[in-house]
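Please read the structure below before turning to the comments.
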Amino acid sequence: MIERCYHPKKLIRRPNYVGCTVDERWLDFQDFALWYDNHEYSGRGYELDKDILIQGNKIYSPDTVCLVPRDLNMLFTSATRARGEYPQGVGYYKPLDKYWARVMIGGKSKYLGYHETPEKAFKVYREAKEANVKRMANLWFGNIEPRVYEALMDWKLES
């Protein structure tokens, strides 16, 4: 967490962490460890997440992070650098002069068809992505904090 936020080489490799900070209460590892050890879901192999409870959050703190299974944490990774000029979940297929949409579901890529514009492809992607987040929330219900479940059920893909 501290390296993600402050280590220059890590920030070059993962620029999505530029501007992230760690709450001063957690700059002492013992304070973070106390929070973790007292967390209801510690010891389950869950991962620390800063984006589910508050979309776009840049602060690691006891008030803004949660512990979630890797399956849920991976829902929100985006290949921004690899994506290029198109919106998330959208690409261009030159032979047809159309835009495709695709979403990851259960670790597998699901194609959502070809579309006339990147905006139309993104709309289809957004609907599928939001439905998948809700599906995953329901799958993990009872094994995640109620506030995490609620955040997932309310989650909307930012444009």
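The values are calculated or read from the model by the stated rules, or taken from the named source; none is laboratory data. Just so it is clear, the model here is predicted, and its values are computed rather than measured. A quick note on method: Cβ atoms are made from the backbone with ideal geometry, for glycine too, and the neighbour counts reach across all protein chains shown. Only protein heavy atoms, including side chains, enter the accessible area calculation; ligands, DNA and RNA are left aside. Shrake-Rupley method; radii C 1.70, N 1.55, O 1.52, S 1.80 Å.
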Read through the list (1) in contact with an Asp or Glu (Cβ under 8 Å, 6 or more places away or on another chain); (2) under 18 Å from Leu53 (Cα atoms); (3) modelled with pLDDT of 95 or more, then give the number of the only condition that Pro146 fails.
(1)
Restricting the search to the stretch 3-26, which residues are over 17 Å from Val65 (Cα atoms) and surrounded by 13 or more Cβ atoms within 10 Å (Cβ to Cβ)?
Tyr6, His7, Lys10, Leu11, Arg14
Return the total of residues in the stretch 60-78 being among the β-branched types (Val, Ile, Thr) and surrounded by fewer than 16 Cβ atoms within 10 Å (Cβ to Cβ).
1
Mind listing whichever residues of the stretch 27-43 are open to solvent by less than 80 Å² (accessible area, probe 1.4 Å) and either of a type in the set (D, E, K, R) or part of a loop (DSSP other than H, G, I, E, B) (or both)?
Asp28, Asp31, His39, Tyr41, Ser42, Gly43
Can you pull out the residues in the stretch 1-26 that are under 29 Å from Pro146 (Cβ atoms), part of a loop (DSSP other than H, G, I, E, B) and modelled with pLDDT under 95?
Met1
Within the stretch 44-55, is even one residue in contact with a Gly (Cβ under 9 Å, 6 or more places away or on another chain) and either under 27 Å from Val18 (Cβ atoms) or open to solvent by less than 90 Å² (accessible area, probe 1.4 Å) (or both)?
no
Which of the residues that make up the stretch 99-152 are in a helix (DSSP H, G or I), farther than 29 Å from Pro62 by Cα and open to solvent by less than 80 Å² (accessible area, probe 1.4 Å)?
Pro118, Ala121, Phe122, Val124, Tyr125, Arg126, Ala128
Within the stretch 48-80, how many residues are under 17 Å from Asp154 (Cα atoms) and in a loop (DSSP other than H, G, I, E, B)?
10
Within the stretch 40-48, can one find any residue that is under 13 Å from the mean Cα position of the chain (by Cα) and closer than 26 Å to Asn143 by Cα?
yes
Where a residue in the stretch 106-129 is farther than 11 Å from Pro87 by Cβ and its partner, wherever it lies, is of a type in the set (Ser, Thr, Tyr) and modelled with pLDDT of 95 or more, with Cβ under 6 Å and at least six apart:
His115/Tyr99
